[in-house]
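Coordinate-derived values only; no laboratory data. This one's a predicted model, so the numbers in the text were calculated from it and none came from an experiment. In this analysis, Cβ positions are derived from the backbone assuming ideal geometry, glycine residues included, and neighbour counts consider all displayed protein chains.
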């Protein structure tokens with residue numbers, strides 16, 4: 001892509017964020033229909049979903065799917081087909097290596113000092129021996145990759161994610177993670193290096209990152225869409241569950257699971273709540 | 001792994017070497033004291049059977065689905081899963097709707113998981129640990145190790161004892177996602193967005209089952 005094109009992409013992205021902000025303000029007025037307070041099942045389902053602006057979120061979700069169909073998916077399919085595997089792995093490694101500053105900063109904010117040391121060492125090794133991050137010798141040497149971000153850090157502080165929010169282009173971003181997303185850019189040296197120059201480098205990075213992630217999930221996302229009764233709420237559940245898993249660093253808390261001891265679905269049981 | 005990381009001193013080569021040894025020792029140790037051997041044996045048995053069904057190249061998809069359905073009936077607590085997936089709407093359906101719903105959920109689960117599991121043929125699934133949860137439940141951790149060098153996938157099994165005291169599968173967690181919870185989210189959402197109409201869910205479920213039948217083999 002030329003600089004000119006990149007700038008127009010940057011302007012479009014910028015525009016999208018402004019639109020999102022405007023839409024957010026509008027959404028304060030346009031909330032989801034609240035359930036009938038006389039129907040306890042509907043009220044509890046509404047609270048469990050924690051998605052007060054669901055109609056607007058669904059609109060943006062469909063908008064993203066449209067953009068995906070006309071733009072991202074074709075490009076990602078092309079990228080996946082034309083770039084050989086070692087090339088794709090190199091791109092992924094460089095992008096991951098560039099994120100090291102954000103990861104190390106958040107390791108520290110979470111008080112995980114030995115992991116911060118590991119991740120800093122990892123950055124050192126992969127930037128030098130790994131030729132500017134193209135290769136990843138560090139994993140084999142005992143410095144595995146970690147994924148941390150400010151949203152997760154807030155999560156470890158016990159801050160809840162807040163009501164669900166689906167932002168155009170960005171995707172699922174409840175308030176905690178949205179704030180984290182912008183907050184993380186302060187830990188990223190590239191924010192300061194390129195802040196008044198042309199947008200070429202940061203935009204290439206963002207766009208490439210999007211294409212690479214999409215290319216890795218071509219089959220998975222198709223499969224989930226095909227096998228979901230409601231794709232929107234499936235994505236919502238997948239997002240929340242995987243975030244909670246990331247925040248817990250993969251350690252599952254058995255005591256936090258829903259209580260199923262008294263759950264009974266006997267077909268002969270009388271109905272406690274009548275259908276509305 | 002995490003415990004080893006927190007004690008590792010990254011700037012001392014000796015400590016680093018020791019940790020490497022320690023890590024490999026921990027990996028070969030038997031599971032923790034709270035382990036539940038019966039639950040582990042159950043998961044080893046069922047996962048091997050499921051992988052065998054998925055990996056059998058000689059059978060058609062319909063035959064795979066039939067075999068998977070038999071396995072599911074014998075070793076999963078489908079009524080409990082189906083009830084859980086309805087969330088707060090568990091008391092909503094009439095007896096006729098319930099019967100129809102249970103039938104559809106069974107077919108839906110078979111279609112979805114024969115499709116989703118098709119990636120995992122011929123892989124091994126060693127147990128990495130287990131623990132009892134209350135008197136009637138157990139959690140078993142396992143891990144799919146891929147032969148092609150792909151990163152291992154963590155799979156956690158949530159088992160419940162049925163009336164006879166035998167374990168049955170209630171939910172499965174793959175890389176941090178509980179599958180029954182994922183279904184609950186979309187099932188309740190369909191009902192809520194159709195003004196509490198249970199038939200809307202039945203309609204969507206039968207459409208998904210029909211779509212899966214129509215999809216290329």
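Computed values, structure above
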quantity: Cβ-based exposure ranking for B:184, B:150, B:116, A:216, in which fewest neighbours within 10 Å come first; calculated: B:150, A:216, B:116, B:184
quantity: Cα convex hull of the range B:36-192, projected area averaged across orientations, nm²; calculated: 10.1 nm²
quantity: Protection proxy ranking of B:94-107, A:75-88, A:57-70, A:108-121 - average other beta-carbon atoms within 10 Å, highest first; calculated: A:108-121, B:94-107, A:57-70, A:75-88
quantity: Per-residue mean of C-beta atoms belonging to partner chains within 10 Å, peptide B:172-179; calculated: 4
quantity: Shielding by other protein chains, A:39-48, mean Cβ within 10 Å; calculated: 5
quantity: Pairwise FRET efficiency - residue A:217 versus residue B:200, Cβ, R0 = 45 Å, nearest 0.05; calculated: 0.95
quantity: Percentage relative contact order, the range A:124-276, counting C-alpha pairs under 8 Å, at least six apart; calculated: 17 percent
quantity: Ascending count of other beta-carbon atoms within 10 Å, so fewest first, for A:148, B:182; calculated: B:182, A:148
quantity: Distance cut-off 25 Å, percentage of C-alpha pairs in the range A:3-263 lying past it; calculated: 54 percent
quantity: Sequence of B:157, B:178, A:141 once ranked by neighbouring C-beta atoms within 10 Å, starting from the fewest; calculated: A:141, B:178, B:157
quantity: Share, in percent, of DSSP beta bridges within the range B:36-192 that are antiparallel, nearest 5; calculated: 95 percent
quantity: Convex hull per residue volume in Å³, alpha carbons only, for the range A:75-227; calculated: 149 Å³
quantity: Cβ-Cβ FRET estimate between residue B:60 and residue A:95, R0 fixed at 45 Å, reported to 0.05; calculated: 0.60
quantity: Cβ-Cβ FRET estimate between residue B:147 and residue A:139, R0 fixed at 30 Å, reported to 0.05; calculated: 0.95
